[in-house]
1. Hey, could you check the stretch 102-152 for residues that are among the β-branched types (Val, Ile, Thr) and part of a helix (DSSP H, G or I) and say which is farthest from residue 181 (Cα to Cα)?
2. For residue 113, work out the one condition from (1) over 24 Å from residue 42 (Cα atoms); (2) among the hydroxyl-bearing types (Ser, Thr, Tyr); (3) modelled with pLDDT of 95 or more it doesn't fulfil.
3. Could you check residue 140 against (1) surrounded by 15 or more Cβ atoms within 10 Å (Cβ to Cβ); (2) at pLDDT 95 or above and say which number it fails?
4. Taking the residues in the stretch 116-137 that are more than 22 Å from residue 47 (Cα to Cα) and loosely packed, with under 13 Cβ neighbours inside 10 Å as candidates, determine which candidate is modelled with the highest pLDDT.
5. Restricting attention to the stretch 153-169, and to residues there that are assigned to a strand (DSSP E or B) and without any contact (Cβ under 8 Å) to a residue 24 or more places away in the chain, which single residue is surrounded by the most Cβ atoms within 10 Å (Cβ to Cβ)?
6. Starting from the stretch 101-119, take each residue that is under 19 Å from residue 130 (Cβ atoms) and list its partners that are part of a loop (DSSP other than H, G, I, E, B), counting only C-beta distances under 7 angstrom and pairs at least six apart or across chains.
7. Anything in the stretch 11-26 that is without any contact (Cβ under 8 Å) to a residue 12 or more places away in the chain and polar (S, T, N, Q)? List them, or say none.
Amino acid sequence: MGWLFMPFTSMGGHKSAKSYLDAQLTYECTLDDGTTRGLRVLASSCPGNRTYYAAAQELVGGVPGSVFAVVCLVRWNPRSRDGHQFGYKDMSENMGPCEADCPASILDLLSPTDNKHALDWRERCRANIARRARKLSDGDRIRLEQPVTFSDGHVAQEFVVCKRQRSLMLRDPANGCFYRISRLMERAWSIVPVTKIHKTVFA
C-alpha cells in the first residue's frame, strides 16, 4: 500500500498517530458467507509520532488467531502548508520493513513464523535492542566497525569514552580532540580490551 495523507480534522478526533492507527487496525467485518474476520491490536508503540509498531491478532469468527507485526511509516507535520498534516504507509513484517526498532514487549507477543522476511526483520529488531542495551563507562575505549568522517574532515575509528554528568563525548586518542557521534548506541562497535601490566615487586 502507498502513502495515505490527511489533515488532522480527518483523524476522527484522534490526537496522535498511535491512537488513530490503533483504531484502524481494530475492526471486525462480516463476509458474504456470514463469517466474520477482523483484527485487534494487542500492543503498539509510536514514540514521537514517527514509526508505528504493533502486534495485531487475527480474529476469525470471533476466535483469536495468530499474531503478526504491523509497521507503519508515519509523517507528522502540524505546519504542513498543503494541509497534509498526517500521513502513513502500512506494511506487515512479511514485507521485511527497513525500520527495525520494534520494542521487545511487542516482539514477545508475535506468533511463530516461517516467513524468511519476517524472521529477518525480527532478528534485526532484536539486534538493535541488544545494541541499545550496551553500557559504556568513562574511560572505555571503543572501535567502530567503520571509520567515521566528521564535518571538519577528520577521519577516526577508535575513541575513548568521556562521560560528563549526563553527556557523553568521544575523545580521539590520536589528536586529543572531542567528538559526538549521533545514535552511537545503535551503531556497530566493540570495546577495545585494555592490556594490564602487572608489576613485580622484589624484596
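The values are calculated or read from the model by the stated rules, or taken from the named source; none is laboratory data. Because the structure is predicted, anything quoted here is derived from the model rather than measured. Glycine also receives a Cβ, built like all others from the backbone with ideal geometry; neighbour counts cover every protein chain displayed.
1. Taking the candidates together, the pick is 106.
2. (1)
3. All conditions are met except number (2).
4. By that ranking, first place goes to 116.
5. 159
6. Hits for this filter: 101/51; 119/113.
7. Correct list: 19, 24.
This table checks each residue for (1) small (Gly, Ala, Ser); (2) touching a Leu at 6+ places or on another chain (Cβ under 8 Å); (3) closer than 24 Å to residue 186 by Cα.
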position	(1), (2), (3)
7	no, no, no
21	no, no, no
66	yes, no, no
88	no, yes, no
